[in-house]
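The structure appears below as C-alpha cells.
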Amino acid sequence: MKKYILTIMIMALAAATSFATNINRAVTVTSKIPLRVLYVGYDPQKPMPTKLVWYMPSEKRYAEFYKSRMPAFKGFLEKNFTIVKTVDGRDYDVKMSDSVDVTIFDAYPVKLPANFDRPAILMAAVAPDIGIPLGLKFDWYCQCLESDALNIKAGHEIFNTPNKVNLTMVTRPTPGGFFNGFQGLKTPKTMPMWRVVNADGMDEKNPYLIGMVAHGEGFDDSPDAEVISGGDCLKNAEAVALGRHGNYFMWGFAASPDFMTDEANLVFVNTICYIKKFDRKPPIVKKIQQATREEVDEKIYRADEGLYNKSLIARKEGNERLKKMQQDLRDKKAAGQDIGRGNEMFLKMSLSNDVQSFEDYLKEWEGPELFKKFGTDTKLYHKYFKDNYEYFYPASFQSVQLDSDALKLGISNRSPLMLKKCISMLEKDENDSLAHRLLERYTIEKFSTAQEWKNWYEKNKDNLFYTEAGGFKFMINTYGQLPKATDTSASVKPEKSNAPTANDPVSITGKLIYGIDKKSAEVVIEANILEGWHIYAYLPNDSPYILAEPLLELPEGAKSDTKGWESSAGLPYPGFDNIFIYENKVTFKINISNIKPGVSITCGLYYQTCNDKKCLQPQKKMIELKS
C-alpha cells in the first residue's frame, strides 16, 4: 500500500514539475533553441567603412556603435541559439547562408542573387538596400523610425512562440506625420504603443540609431507578404516597421540587443524562429508599383480650398521662423561662435514670400488636364474620382491614371468578373481588341484564343489574387511551390527622359560661367524638381531627413571660394518647425579660381527627394564639366 501511495506521489510530483516547466516555457525559453544563425555585420577589427547603413543625428557615436554592435549581437544570439556564426559584410559570400538556418543581414554592401531563397532577417536600412534590387516590398519610405511599434497584430506568432510575450502597451500621442494625407482624417489623437528600443542611457544630444519603414500601401496584397506592425515615424500609420515578404523579414528598428527592451529581445528570438518556416519559399510577386489606388483617395483629399488656405498660413509662419533662425545665427557668429558649415550656407539662403495660387495648387495635385475640365470647382474633382474609383491603373511607378477601357466595360478592374466578361466577349466575337487589351493588361498571361483564356481561367479561378503593388495584376497563388520568384517587371516600362519624372523626380545639370581672365569661373548646379516633390534646404540636428549638399571635386591647383556655396531661397515646410525645403528649381553657385585649360571639374548634388506622402532613397548625382 505504501509503495502504491509513494508511486502516486512521485507521479503527481512529476506532473506538477512538468506543468510548472510548461508554464515557464510559455513565458520565456530558458534552453538554447537548436538553430544555426549567421550574423552579417561590421567586424570591429576591420576599419570602419566610409558608407554605413546606419543613420543617427549624432555622428560622434558611430565609432562607438561600430565597435560594440557585432559583439552585442553575437553574445545575445549565443545565449539563445545552439550555433552562431558572424562575418563582416565585406567578406560575406552567399554560400555561407546555405550552411545555416537563418541569416541576419546588418551591413552594407551585400548583394543577393535573384534566386536567394534562404530565411533572412533584414535589419533597418539594410531592408531597402537589399530589397529594392530584388523587387521586395521593403522599399525606402523613410529612415525615420523611432522607438515604438504601433498598429500591432499582437496575435501573430512572433509575439507568442516559442516565447509568450505579454506586450506592455502604453497610450501615447499619435505621431504628427500620421495626420498628413487622407489617412489622417480617421487617425486618433492617441495610440497604444509598444516600446522596442530602450531609451535608457540616451539623450537628445546622443540618440540611438534611427530605424527604417517601408510603404504600407499594397504591402500585404499578395499571399507571400504580411504586415505585422507599424511604428512611430514621420510618415503615416500605414508605414511598415515589421513585415515579411517571402523568405525575408524586415525588422525596421535599428537597435542592437543591448539597446532593445527585454520584451523586444524575446520577440526578436521568436522572429528568427518564425522566418525559418519560410525556407525555400521566396516571393512570387515583385514590387513594381508604388502608387496604388490610394493615390485617388489622396487626390480627393487634396481637392480642398480649406486645406490650401492652411498651407498658406503655415508658409507665412515658416518664413517668420526662418528670419528669426537666421538672425540667431548671425548673433552667434558676431559673438565669435563657430556656427558650422551647414549653417553658413543657411545664412546665404534668400527668403521667398512667393506663394502658390489655388489654381496652381490644383494643377499640381490634380493635374493640368483635369484642371482644364473642372477649374477650381472642388466638388467636380470629388465626383470624378469617386465615380471612376474602380477604373484606375498605373501611369508610372508613382502615379495612376484612368483606364478608359475598363471604364467602357463598367466592371471594376480588381474584380475577377472583369476577366470573365472579357473571356465571354472573345467567345462571342464582341470587341475582341478591347477584351484582349484588358486581359493582357491585368494578368501576366498572353493567349491567342478565347478557349485558351477560358481554360486558364477555369483552371486557376480559385487561386487567383489581385495585387496593386505587383502592377495591378491578377496572378495565380503558387506561393511555396515555385523555386524562384516570378518576374513581372516588364509590365511597366521605365520612363526615359532628361527632365524630372515620376520615377526620378530630380534632374541635375551643371555649367561653368567664366570670368574675363578665363582662369576663374562660377560653378552653377541646377536641380529641377518635379511638381509636388522637394529636397531639403535646412534641417535641425535631430532630423532624419537628408540635407541637400552641393558637391565639388577640383583638379590640382584649382581653389574654391572660402565663402562657400550660395543657393536659391528655401521655403518653410508646413507642419514642421525649423525645416525648409527647395521646390521646382534650385540653383547652387560657387566661385573657383586657378583653372587650367582642358582640365575636368566634377560637381553634383547629394540629396533626398520627398513629397507629402513618401520619401525616396538618398541619391548622389555627379556631372563632369570640361574647362
- Message: Within the chain, which whole H helices from DSSP have a Cα span along their axis of at least 24 Å and a mean Kyte-Doolittle hydropathy of 0.0 or more, if any?
- Response: 2-27
- What list of ³J(HN,Hα) values in whole Hz, one per residue of segment 89-105 in order, does the Karplus curve 6.51 cos²θ - 1.76 cosθ + 1.60 (θ = phi - 60°) give from phi, with Gly and Pro shown as x? x, 6, 10, 5, 10, 4, 5, 4, 6, 6, 9, 10, 8, 9, 10, 9, 9
- Message: With 23 Å as the cut-off, how large is the P(r) tail for segment 275-371, expressed as percent of Cα-Cα pairs?
- Response: 59 percent
- Between K67 and T376, what is the label-to-label distance in nm when each label sits 7 Å out along the Cα-to-Cβ direction? 6.3 nm
- Ranked from highest to lowest mean number of other Cβ atoms within 10 Å per residue, what is the order of the peptides 217-223, 173-179, 579-585? 217-223, 579-585, 173-179
- Sorted by Cβ neighbour density within 10 Å, fewest at the top, the residues T509, T86, T271: T509, T86, T271
- At 7 Å along the Cα-to-beta-carbon direction for both K111 and K60, put a label point, then send me their distance in nm to one decimal. 3.8 nm
- For a label point 7 Å from the Cα of R280 along Cα→C-beta, name the residues of segment 226-264 whose backbone N is under 20 Å from it. 245-249
- Item | Rg to Rh quotient for segment 31-278, alpha carbon positions, Kirkwood Rh | 0.94
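Based on DSSP H runs of at least 4 residues, each adding -39500 (n - 2.57), what is the mean residue ellipticity at 222 nm of the chain after dividing by all its residues, to the nearest 500 deg cm²/dmol?
Rounded to the nearest 500, it is -9000 deg cm²/dmol.
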- Between (1) 224; (2) 166; (3) 151, which matches volume of the Cα convex hull per residue in Å³ calculated for the structure shown? (1)
- Message: Please compute the length gained on full extension between K310 and L625, using 0.36 nm multiplied by the number of residues separating them and subtracting their Cα-Cα distance.
- Response: 109.1 nm
- If you wrap segment 567-627's Cα atoms in a convex hull and average its projection over all directions, what's the area in nm²? 5.6 nm²
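FYI, it's all coordinate maths here, none of it is from the lab. Owing to the predicted nature of the structure, the values given are computational and were not obtained by experimental measurement. Please note: Cβ atoms are built from the backbone with ideal geometry, for glycine as well, and neighbour counts cover all protein chains shown.
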